[in-house]
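What follows is a short report on a single structure.
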Amino acid sequence: MNYIGIDLGTSSVKLVLMDTAGHIIANVSKSYPIDYPKAGWSEQNPYDWYDACMEGMKELLDGQDESTVSGISFGGQMHGLVILDKNDEVIRPAILWNDGRTTKQCEYLNEVIGRDKLSEYTANIAFAGFTAPKILWVKENEPDNFAKIDKIMLPKDYIAYRLTGVHCTDVSDASGMLLFDVKNRRWSRQMLDICGVTEAQMPRIFESSECVGTVKKDIADELGIGSEVIVAAGAGDNAAAAVGTGTVGDGHCNVSLGTSGTIFISSKEFGVDSNNALHSFAHADGKYHLMGCILSAASANGWWMDKILGTNDYAGEQSQITDDDLGNNNVYFLPYLMGERSPHNDEFARGTFTGMTMDTERKDMTQAVLEGVAFAIRDCFEVAKSLGIRVESTRMCGGGAKSELWCKIMANVLGIPVELLESEEGPAMGAAMLAMVAAGEYNCVEDASNALVKVRKTIRPDEKIIERYEDKYNKFRCIYPAMKNVFRTINE
């Protein structure tokens, strides 16, 4: 039998058709627009997501035997606020994870309600991208829309609702809302009260590999599949990517270089970083994970290549950078183009180049962008190390993982081996695996990951390059504290 994995990303939806042996039979990508109504705002139309998903599934199944499809599941961009009225119509465009309008609401939550209380209720504190501050923003700025809210959902869950008619979410995605009691895997009544919403307005909570329902007959007929096809709850994009890279169980690590960048460490036990610099979330494998998230990763490189250099020859630009250059560049880049989440939690932070001289070349700037993202990931890695977490190696996924140069930089900046996988489908593959577990093909998520995820290559760090990067990283760490007040001043 075959399974559809849907990765509802920020700029596009990626879909895979995968068999039970982990072979990718077909894949499709469909893009949709992002709106930026004001500086720092980021919105999308959920109807665009649904249309892209339906078109993508039709194209994915074109020429295939539709009768072999047994299940569908999702990975999805996290934190986005989707609000529906009593007729299940979308009230306003979804406010996305990288939207920075909630400064006032985050300050209220963190300073008035208090970080300690938030951490007690949800295991996390307020970040600008989280869902709860967005709800408060709508309540304060769009009271008429707030009054219409009948259901609050996350992006991928809106697609699950359209396919099944069930208002649902999963534990990993719910963890990023600041409305979820992560330790006990239930809605936090205290946080719902603080935001002025009720549990009846929230979707039903499922584990990621649980079946939420079957595809509605009209949708099944439109796609040419059976109405008995099950739909699993799925996971937030990073948890789904972790499943797709085998980052399940205890003490495993994955670095994702997508639009945003994450370092994801799986754990069998619940734990909280006392400074809340890392997120403490429920994992799609039924356990927990710690995660650091930087808001600009592959998107920072895309900005540099597309908008500044005006080229799509990413490989050509990187080919000029040699091993001898690694750790020997005098240019530094802060990749805070959308503000920053982990570990700084500073929506005012901005991107900067530092250290240019008259002999600085184009390739030095390109290298600095790649290194800046790696250093920002290292910032999160250092927090995990300070908690006594020992990470022996990491796997890589996301668009940036297709660059072996970037993976080599990451290996030497972190000082651990980097494993590259046979399949780089990330959240879409993880989503298909969750559907397999829901359908009974595997007993649990860990069994599915162990059976289907294969390493094709390991990049090992070089001691000489590690030493050079250790010096560079210590200098990089000085730049943000020196610029912090400047960032706030220029954004006033």
Problem - Rg/Rg_globular for the range 246-490, with Rg_globular taken as 2.2 N^0.38 Å and Rg from C-alpha atoms - result: 1.02
Problem - 3J(HN,Hα) from dihedral phi, the range 82-87, Karplus parametrisation 6.51/-1.76/1.60, rounded to Hz, x for glycine, proline - result: 10, 10, 10, 8, 5, 9
Completion exercise
Output ordering of 471-482, 415-426 (per-residue mean of other Cβ within 10 Å, highest first) is 415-426, 471-482
Completion exercise
Net charge near A220 (other residues with Cβ under 14 Å of its Cβ; Lys, Arg +1; Asp, Glu -1) is -1
Fill in the blank from the handout: Per-residue Cβ contact counts at 10 Å, fewest first, order S42, S274, S256 as S274, S42, S256
Handout entry: Bins of 10 Å, starting at 0 and running to the largest distance - Cα pair percent for the range 2-240
Key = 8, 33, 35, 17, 6, 0
Practice task
Sort out for me the Cα centre separation of the range 338-388 from the range 108-178, rounded to whole Å.
Solution key: 29 Å
Completion exercise
The set of residues whose placed amide H lies less than 5 Å from the amide H of F180, leaving out same-chain residues fewer than 5 positions away, is S188
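Per-residue ellipticity at 222 nm for the chain, helices alone: DSSP H runs ≥ 4 residues times -39500 (n - 2.57), over residue total, nearest 500 deg cm²/dmol?
It comes out at -10500 deg cm²/dmol, rounded to the nearest 500.
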Problem - Nonlocal amide H pairs with T352, under 5 Å, H built at 1.01 Å - result: L334, Y336
Completion exercise
Scalar couplings 3J(HN,Hα) for the range 313-326 by Karplus 6.51 cos²θ - 1.76 cosθ + 1.60 (θ = phi - 60°), nearest whole Hz, x for Gly and Pro, are 8, 4, 5, x, 5, 7, 5, 7, 8, 9, 4, 5, 6, 5
Practice task
Give, as a single signed number, the net charge of other residues whose beta carbon lies under 11 Å from the beta carbon of D237, with Lys and Arg counted +1 and Asp and Glu -1.
Solution key: 0
Problem - Distance violations [Cα-Cα > 32 Å] among K363/K464; K287/K475; K104/K408; K156/K363 - result: K287/K475; K104/K408; K156/K363
Completion exercise
The orientation-averaged projected area of the Cα convex hull of the range 1-137, in nm², is 10.6 nm²
Problem - Neighbourhood charge, 13 Å Cβ-Cβ cut-off, centred on A428 and excluding it, Lys, Arg +1 and Asp, Glu -1 - result: -1
Problem - Burial ranking of peptide ranges 308-315, 392-399, 213-220 (average Cβ count within 10 Å, highest at the top) - result: 392-399, 213-220, 308-315
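Rounded to the nearest 0.05, what FRET efficiency do D51 and D221 give with R0 = 25 Å and r taken as the Cβ-Cβ distance? Could you check? Mind showing how you got there, number by number?
On the way: r = 17 Å, r/R0 = 0.70.
Result of the calculation: an efficiency of 0.90.
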Exercise for the section: Return the distance in nm (one decimal) between the two label points of a simple spin-label model at R390 and D462, each offset 7 Å from Cα along Cα→Cβ. Expected result: 2.8 nm
Exercise for the section: Would you mind checking the pairs K139/K402; K86/K134; K86/K216; K14/K454; K216/K454; K151/K484 and listing those with alpha carbons more than 31 angstrom apart? Expected result: K139/K402; K216/K454; K151/K484
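Please arrange K408, K148 by how many other C-beta atoms lie within 10 Å of their C-beta, fewest to most.
Numbers: K408 21, K148 16.
In increasing order of surrounding Cβ atoms, one gets K148, K408.
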Completion exercise
Per DSSP, the loop-located GluC sites (Glu not before Pro) within the range 295-383 having at most 16 other beta carbons within 10 Å are E361
Exercise for the section: Would you list, by chain and number, the aspartates and glutamates whose Cα falls below 17 Å from the Cα of K457, excluding same-chain residues fewer than 8 positions away? Expected result: E392, E404, E419, E422, E424, E425
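Bear in mind that the values in this text are calculations on the coordinates, not laboratory data. Values in this document were obtained by computation on a predicted structure and should not be read as measured data. Don't worry about glycine lacking a Cβ; one is built from the backbone with ideal geometry, like all the others, and counts go over all protein chains shown.
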